[in-house]
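Report on the following structure.
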Amino acid sequence: MISSNPIIVMSLKHPIQSPWHLAGTCCVTALLASLISPVQAEESPVGTSRTDTQDSILRYGPFDVFPYARAGLTYDNNIYIQSTGKKDDFIWSFTPGVVLGGGDYKKKIESFTVIEYSPNFLVFTKNSRNNAVDHDGKLNLEYRPGNWVIALEQIFQAYSGPVVDVGNRVDRNIYNTALGAKYEISPKTAIGIDGTQSINDYSKFNSYNEWTLGGWMDYWITPKIKLGFGLTDVGSMWRTAPTRIMNRSSFELVTI
């Protein structure tokens, strides 16, 4: 969307009572750390590009290839986020991934393409029925002919973790799409339009879609002061009976 503008992890959500259990866990974590190349830890590995500061070690056709991996061990004292009858578990995770970068994907001055995918293998020590494979995928395209910038971003997420609004672990698929165009009228003036769509499919919760459509204009009064205004319209639809459709609009005037 256009705008004017994995380290090894062991986290504890509850103290471990047995020091021998803790010592064994730390030994296993240290062994994993020696086997897997570290990358930045984060909830979703798609969120941050791994191409900006790294040199590719592989190449496939027009793409530079950046493989990576992350492993972790988490202790959760309430895996179903229940107020009563809490159940705890140790959750092992292993996340291999790959980023493909083509064109000017480092400086992002010319056209470029970035594709990223990573599955996340989750293994529960005691509650094996929760074992799952989550998925993260992202496509980012920018085409820059002349004074135009046309951008497309597509994100796919398949998760199985807890959702606070449901009070349980829920399988869900999320599809987020953003499409935008920007035109530079002059070195000081630019206009643009952005649209987004979010499709949220839940197995045990109300599924819904959401859309936004907005336009904006920026004018640089000085090199450090920008005057901008924009208009955004947001629509939502719950896809369960009874179907509900909501709409709201907003106007914004900003000086930076």
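The values are calculated or read from the model by the stated rules, or taken from the named source; none is laboratory data. Remember, it's a predicted structure, so these values are computed and weren't measured experimentally. FYI the Cβ positions are ideal-geometry reconstructions off the backbone, even for glycines, and counts take in every protein chain you see.
Before moving on, here are some points about what is shown:
- Any hit, the range 222-237, residues being more than 23 Å from the chain's Cα centre (by Cα), surrounded by fewer than 16 Cβ atoms within 10 Å (Cβ to Cβ), among the small types (Gly, Ala, Ser) and closer than 30 Å to residue 188 by Cα: no
- Taking the range 159-193 as the range and being of a type in the set (Gly, Ala, Ser), in a loop (DSSP other than H, G, I, E, B) and surrounded by fewer than 16 Cβ atoms within 10 Å (Cβ to Cβ) as the test, only 167 passes.
- Any chance residue 119 is outside any strand (DSSP E or B), at pLDDT 95 or above and either under 17 Å from the mean Cα position of the chain (by Cα) or under 19 Å from residue 62 (Cβ atoms) (or both): no
- Pick from the range 55-72, criterion hydrophobic (A, V, I, L, M, F, W, C) and under 21 Å from the mean Cα position of the chain (by Cα), ranking: surrounded by the fewest Cβ atoms within 10 Å (Cβ to Cβ): 65
- Across the range 194-205, the qualifying residues are those that are in a strand (DSSP E or B) and small (Gly, Ala, Ser), and the one among them that is nearest to residue 119 (Cα to Cα) is 198.
The rows are residues; the columns are (1) closer than 30 Å to residue 182 by Cβ; (2) at pLDDT below 95; (3) not in a strand (DSSP E or B).
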| site | (1), (2), (3) |
| --- | --- |
| 75 | no, no, no |
| 102 | yes, no, no |
| 106 | yes, yes, yes |
| 129 | no, no, yes |
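- Taken over the range 169-211, the residue count meeting the criterion of being of a type in the set (Ser, Thr, Tyr), within 23 Å of residue 137 (Cα to Cα) and modelled with pLDDT of 95 or more is 4.
- Among the residues examined, residue 79 qualifies as among the aliphatic types (A, V, I, L, M), farther than 27 Å from residue 142 by Cβ and part of a loop (DSSP other than H, G, I, E, B).
- Whether a residue is modelled with pLDDT of 65 or more and among the basic types (Lys, Arg) was assessed, and residue 244 does not pass this test.
- For the range 91-114, the candidate set comprises residues that are among the hydrophobic types (A, V, I, L, M, F, W, C) and crowded, with 18+ Cβ neighbours inside 10 Å; within that set, the residue that is farthest from residue 135 (Cα to Cα) is 112.
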